[in-house]
Amino acid sequence: MSNRLKDCFAALEKNNKKALIPYVTAGDSNKSITVPLMHRMVEAGADVIELGIPFSDPMADGPTIQLACERALVHHTSVADVIEMVKAFRQSNTETPIVLMGYLNPVESFGYENFAKAAAEVGIDGLLTVDLPPEESEQMSQVLGKYDIDPIFLLSPTTTEERIKRIANAGSGYLYYVSLKGVTGSSILNVDEVSEKVTAIKSHTHLPVGVGFGIKDADSAAAISEVSDGVIVGSAIVKIIENNPDDTDTILDQIGALLKSMRTAMDA
Amino acid sequence: MSSVMKTDSTNCNSEIKNDITDHDLSGIDLSKVDWSQLPDENGHFGIYGGRFASETLIEAIQELDDAYKLLQNDPSFQAAMDDDLRYYVGRPSPLYHAERWSKELGGAQIYLKREDLNHTGAHKINNTIGQALLAKHMGKPRIIAETGAGQHGVASATIAARLGLECVVYMGEKDVERQKQNVYRMRLLGAEVRPVSSGSKTLKDALNEAMRDWVTNVDNTFYCIGTVAGPHPYPKMVRNFQAIIGREAKQQCLEQTGRLPDALVACVGGGSNAIGLFHEFLPDLDVDIYSVEPAGMGLDTGEHAATLSTAKPGVLHGNRMYLMADDNGQVIEPYSISAGLDYPGVGPEHCLLIDMGRANAVSVTDAESLEGFHDLCRIEGIIPALESAHALAYVKKLAPTMDKDQTIVVNLSGRGDKDLNTVAALEGITI
């Protein structure tokens, strides 16, 4: 397990706090905004950053993330670029865990070994590959393990008890519970249902459980943080970029403000 | 030669490894492959196939897999399917000896497997009947489908009407514009056609959107995939539904010529009509297999969809397959004159057959396919689909190299009515 992720969740637990985990697609809306945005998110209270590797066909995501990928791909943001961005971020931040999130094909095309080696060198802590369930991940997990990068897996409302066990065994770092049936950016969030499922998941694992999908504002972030170890915010952040694609200051300010409001509500 | 080989310890299927760092199969002894055991229980054809799906879909896929396993060998389900295939679709489709065309080409005898005579005018209905009956059995009142040219959409809408199921068809905005007639057909049949405006606005994006619908509506919805791709069990299930083409062709060929054919030819986009013809003949190693891909404007122009001929393995739409992608692993939008062949991937079983050397990947250009199209119209009085015209164009090259007492079976996978506007437009005619 990556030390940064382990230390991060241990420190949060010790301080009785929950993780705030923002997601942003690397290279959205241009390559130069991503690193300053990552720093701003940390200043606003982010504990872990999920950095999206753009993909032409993000099937499990809704229109918001799809558009983010399209914006990033206009500038041909590649796996190599994403690794470079983390390298630049690590020049002044060696603490905050960074998890890359995306689809298998860009990583497979780069090469598992090449990817893991380069990722470890720049200080990437985990990889969440949306379309790589544990059953297909043996070779990838082996390579990631060799470089101390955590394979992070999804759990969903339809995941059976038996699969929860299997996934909990295969994953490390944290588990990502998808709170809704549907794609990213969907709406209705039922906190009681989430609570029930997170409890069930935690009966099978000591790994922290982060919850994503449907968290849009300070209220939903606070509610979900009550019943989980971390709150993952994606579409709400990306939407801000979508609305102001050419305005770097507004993007940084509004995303900073959104995360700050979530942090305050979660810590209250 | 028996088409069903016994499973025994002497087969060499263990050499067909799922290892992306070591998957060279060029030296495999094809006579020792147990074709009945492909894919393996997890849907792997070597490194191809599998179940590369988001966790949000896994349970729905598993439910489908369980239901299909249960019904696959259920006599009453098979009987219902056989009944529909016979009385609703009109099977068996004829195997027709194209004598004039054979004579004109001066080589092998050419036999056309007439899938174009099926209800709805293509092979697609063989599969949608199977999947829709499965949906009905699973208690799913709603089916969704993706479509490119519209043939699978029409076949899905047709069987949905027949079984009283709600049907939603996703279709790229560009395809909606190009295939207005099929869009109207689907609407007549009671289906809702949803134009997809994301990505490149074509087939692959329609598939993405259908998957999103499925994730959101798993409880009441069955996703009816139109080709031999997607997460396991789709490639295997769709193959099994289409394999009736090859079973009939084999029997018909034996009846009409007294022997097996020397060569099989079919066009390959996703690959369902081709695998449908090929599958039954896989153990018959004397039967050569040709998978004809669309070379579009030419392989060296980059404007084509010849995946098996040019691409390398990648992962999209739930399975590993040959995939047209750029150096960064981003999927490339392919090109072909034929919307039904215009897909950046190709079914996993085809990929394995090529790697093992059991099938040959060949390609023909748009221009060549149009020659095949016109030849069949003129010489045999049959208007083929532009997809099938690719197979015909390759036959035109292959037949003259063979002897007059040899036979080629080519899958005439669909009829060309849907393509009349496209062909006429090339001649400057607006219909």
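The values are calculated or read from the model by the stated rules, or taken from the named source; none is laboratory data. No experiment lies behind these values; they were computed from the predicted model shown. Please note: Cβ atoms are built from the backbone with ideal geometry, for glycine as well, and neighbour counts cover all protein chains shown.
Summary table
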| read-out | value |
| --- | --- |
| Whichever residue in region B:203-238 is surrounded by fewer than 24 Cβ atoms within 10 Å (Cβ to Cβ) and hydroxyl-bearing (Ser, Thr, Tyr) and, among such residues, is nearest to the other protein chains (Cβ to nearest Cβ) | B:Thr216 |
| Counted residues, region B:39-68 - those being more than 11 Å from chain A (Cβ to nearest Cβ), surrounded by 18 or more Cβ atoms within 10 Å (Cβ to Cβ) and either of a type in the set (Asp, Glu) or closer than 14 Å to B:Asp355 by Cα (or both) | 4 |
| Subset of region B:35-52 [in contact with a Pro (Cβ under 9 Å, 6 or more places away or on another chain), part of a loop (DSSP other than H, G, I, E, B) and either among the polar types (S, T, N, Q) or over 11 Å from B:Arg320 (Cα atoms) (or both)] | B:Pro39 |
| Any chance B:Ala266 is more than 14 Å from chain A (Cβ to nearest Cβ), within 18 Å of B:Leu38 (Cβ to Cβ), buried (at least 20 other Cβ atoms within 10 Å of the Cβ) and touching a residue at least 60 places away in the same chain (Cβ under 8 Å) | no |
| All helices (runs of 4 or more DSSP H) inside region A:12-110 with 1 or more residues being modelled with pLDDT under 95 and surrounded by fewer than 19 Cβ atoms within 10 Å (Cβ to Cβ) | A:63-74 |
| Segments classed as helices (runs of 4 or more DSSP H), wholly inside region A:163-268, with at least 2 members that are more than 16 Å from the chain's Cα centre (by Cα) and within 14 Å of chain B (Cβ to nearest Cβ) | A:191-202 |
| All positions within region A:203-247 that are closer than 23 Å to A:Leu37 by Cβ and touching a Phe, Trp or Tyr at 6+ places or on another chain (Cβ under 7 Å) | A:Gly210, A:Val211, A:Gly212, A:Gly230, A:Ile232, A:Val233, A:Gly234, A:Ile237 |
| Residue that is nearest to the other protein chains (Cβ to nearest Cβ) [pool: residues in region B:323-352 that are surrounded by 24 or more Cβ atoms within 10 Å (Cβ to Cβ) and charged (D, E, K, R)] | B:Asp342 |
| Answer residue from region A:111-123, given it is part of a helix (DSSP H, G or I) and over 15 Å from A:Pro151 (Cα atoms) and is nearest to the other protein chains (Cβ to nearest Cβ) among those | A:Asn114 |
| Output for region A:144-158, where each listed residue is within 11 Å of chain B (Cβ to nearest Cβ), crowded, with 20+ Cβ neighbours inside 10 Å and within 23 Å of B:Leu316 (Cβ to Cβ) | A:Phe153, A:Leu154, A:Ser156 |
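Rundown of residues vs (1) within 13 Å of another protein chain (Cβ to nearest Cβ); (2) over 17 Å from the mean Cα position of the chain (by Cα); (3) without any contact (Cβ under 8 Å) to a residue 40 or more places away in the chain, yes/no style:
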{"residue": "A:Ala44", "(1), (2), (3)": "no, no, no"}
{"residue": "A:Ile49", "(1), (2), (3)": "no, no, no"}
{"residue": "A:Pro58", "(1), (2), (3)": "yes, no, no"}
{"residue": "A:Ile65", "(1), (2), (3)": "yes, no, no"}
{"residue": "A:Asp81", "(1), (2), (3)": "yes, yes, no"}
{"residue": "A:Ala88", "(1), (2), (3)": "no, yes, no"}
{"residue": "A:Asn93", "(1), (2), (3)": "no, yes, no"}
{"residue": "A:Thr96", "(1), (2), (3)": "no, no, no"}
